[in-house]
Amino acid sequence: MSEKATLTWGNGRAAEFPVLKGSVGPDVIDIRTLYSETGMFTYDPGYTSTGSTKSAITYIDGDQGILLYRGYPIEELAVQCDFLEVAYLIKHGELPNQAQYDDWVMRVKRHTMVHEQLARFFQGFRRDAHPMASLVGVVGALSAFYHDSLDINDPEHRVIAAIRLIAKLPTIVAMAYKYNMGQPFMYPRNELSYTANFMHMMFATPCEKYEPNPVLVRALDRILILHADHEQNASTSTVRLAGSSGANPFACIAAGIACLWGPAHGGANEAALAMLERIGDVSKIPDFIARVKDKNSGVKLMGFGHRVYKHYDPRAKLMRETCYEVLAELGLANDRLFKLAMALEKIALEDDYFVSRKLYPNVDFYSGIVQRALGIPTNLFTGIFALARTVGWIAQWNEMISDPEQKIGRPRQLYTGATRRDVVPMGKRA
Ligand code: SDX
């Protein structure tokens, strides 16, 4: 007999709703019959207390700073696995054995090239187009090329669409960068690993041999692992909502990219680095902190705070370690911005404004510094985030399509506008 939650309202009216339990984490109150039983909706702007779905992919405990992909702690995955291995885990639910891994890698590598005509889309953009604008357009345009994998009810179509997106996002992100640079696109080199190939497509030119630095490749691979999925965040919820209407997977991922672009979400790494550049020097930190505390300033400490983590984001710790490794490898251990970021973090974590609001560094606070050290331009940071999060988005989209309980997403509202009134002819209006 499942536990019940009782709602009482009005003149002694009451209704009961089942309490559902997951494998770990908060229980949920199943309110699917709330409107039919009470004539009322819930009200939860930003969905701070709303569970939109069941999911078995990622678990976050914001108070304990825990992040699990299919039950495995991010701290272990980021150190013991590579990105494609984690992508297999997130998509299939289990870590691959060697044969499964080799087959998966081979299948992804078979799809790293894009249709030659897709390259022409870039000609329509200005050379200084923000890469996220190109990504939204070009990824959405993939649906014009793959009519053989758009039937979302065909499991095989869903598999091939997932592999195409995971395989082609690095190629398209690198193309957006090369287009900005005015350099020729570089074809994938399938003898390289997934992340080494991405660095090749980003930094190689036809003029000279380029061999990615293995330490830097490993660092970027870890950054991709840290960004692969994160439960029902804004962009993942966007992908699910778009998918709930039956839209094809390429269009859904393009919608997720558009949402991720926002500075409150995936755009925060770009904004955090710009913030550090604006502060400029440790001596300016107190003034900046004062402006953050002044609500009228509208200034936020970018890379700090999180809707779920009210403790240290476990990814931020791993990102800081990666940052240190990369800077040491490049002989930049005294990097001005890294030292400024650590000083800012220390001051913030000792300041009651941030401590009382449980504002800690999130995944975006250090990721900009390490990506900048890797030679990635600031305006491409969110594109790298989108490249990694495509794995989570497509796994979450698949889970939704396969869920018999899912239906088209259609929230309701509390209406506060004008009640019914008649149109007054133009000549009689005030
Ligand atoms: C990502 O959801 C995910 O999982 C996202 C993500 C993922 O992997 O998908 O983790 C990736 O988006 C990480 C977050 C990146 N964004 C930033 O770093 C931008 C800066 N952070 C803030 O914009 C903010 O913290 C949010 C948007 C992340 C969370 O916003 P909330 O939930 O509305 O914040 P809150 O309600 O918990 O804030 C509580 C208080 C408020 O002040 P009071 O009204 O109590 O006085 O803290 C303040 C907020 O104004 N606050 C901040 C702050 N974040 C919250 N004050 C200064 N600087 C900040 N960064």
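What is the helix-to-structure angle for 336-349, meaning the angle in degrees between its Cα long axis and the longest Cα principal axis of the chain, kept from 0 to 90 and rounded to the nearest 10? It is inclined by approximately 30 degrees. Carbon-plus-sulfur accessible fraction, the stretch 1-153 (probe radius 1.4 Å, protein heavy atoms only): 52%. With a Förster radius of 45 Å applied to the beta-carbon distance between Ala119 and Ala418, the computed FRET efficiency rounds to 0.30. Each label point was placed 7 Å from the Cα along the Cα-to-Cβ direction; for Thr6 and Asp61 their separation is 3.2 nm.
Quick note on the chain: its Rg to Rh ratio, both from C-alpha atoms and Rh being the Kirkwood radius, is 1.00. With R₀ set to 22 Å, the beta-carbon distance separating Gln183 from Asn213 gives a calculated FRET efficiency near 0.65. Entry note, the chain: the mean residue ellipticity at 222 nm calculated from DSSP H runs of n ≥ 4, each adding -39500 (n - 2.57), is -15000 deg cm²/dmol after division by the residues and rounding to the nearest 500.
Based on protein heavy atoms only, the stretch 61-217 ends up with 46 Å² per residue of surface accessible to a 1.4 Å probe. Axis angle, to the nearest 10 degrees, between helix 98-109 and the longest C-alpha principal axis of the chain: 90 degrees.
With contacts taken as Cα pairs under 8 Å and at least 6 residues apart, the chain reaches a relative contact order of 20 percent. For the chain, the longest principal axis of the C-alpha atoms and the axis of helix 249-260 are separated by about 90°.
Counting charges near Ala316 (Lys, Arg +1; Asp, Glu -1) among other residues having Cβ under 11 Å from its Cβ returns a value of -1. Multiplying the residue separation of Asp27 and Glu405 by 0.36 nm and subtracting their alpha-carbon distance yields 134.3 nm.
One chain, two ends: Asn296 and His147. Fully extended at 0.36 nm per residue, the span grows by 48.5 nm beyond their Cα-Cα distance.
Share of the stretch 220-346's accessible area from carbon and sulfur, percent, 1.4 Å? Carbon plus sulfur share of accessible area: 56 percent. Rolling a 1.4 Å probe across the protein heavy atoms gives the stretch 293-395 an accessible surface of 39 Å² per residue. Of the residues Ala133, Ala162, Ala234, the one that moves most in a GNM of the chain with alpha-carbon contacts below 10 Å is Ala133. Summing +1 for each Lys or Arg and -1 for each Asp or Glu among the other residues whose beta-carbon sits under 9 angstrom from that of Asn190 gives +2.
The values are calculated or read from the model by the stated rules, or taken from the named source; none is laboratory data. Since the model is a prediction, treat every value here as computed from it, not as a measurement. Every residue, glycine among them, receives a Cβ derived from its backbone with ideal geometry; neighbour counts consider all protein chains shown. With ligands, DNA and RNA removed, areas are computed over all heavy atoms of the protein, side chains included. Shrake-Rupley method; radii C 1.70, N 1.55, O 1.52, S 1.80 Å.
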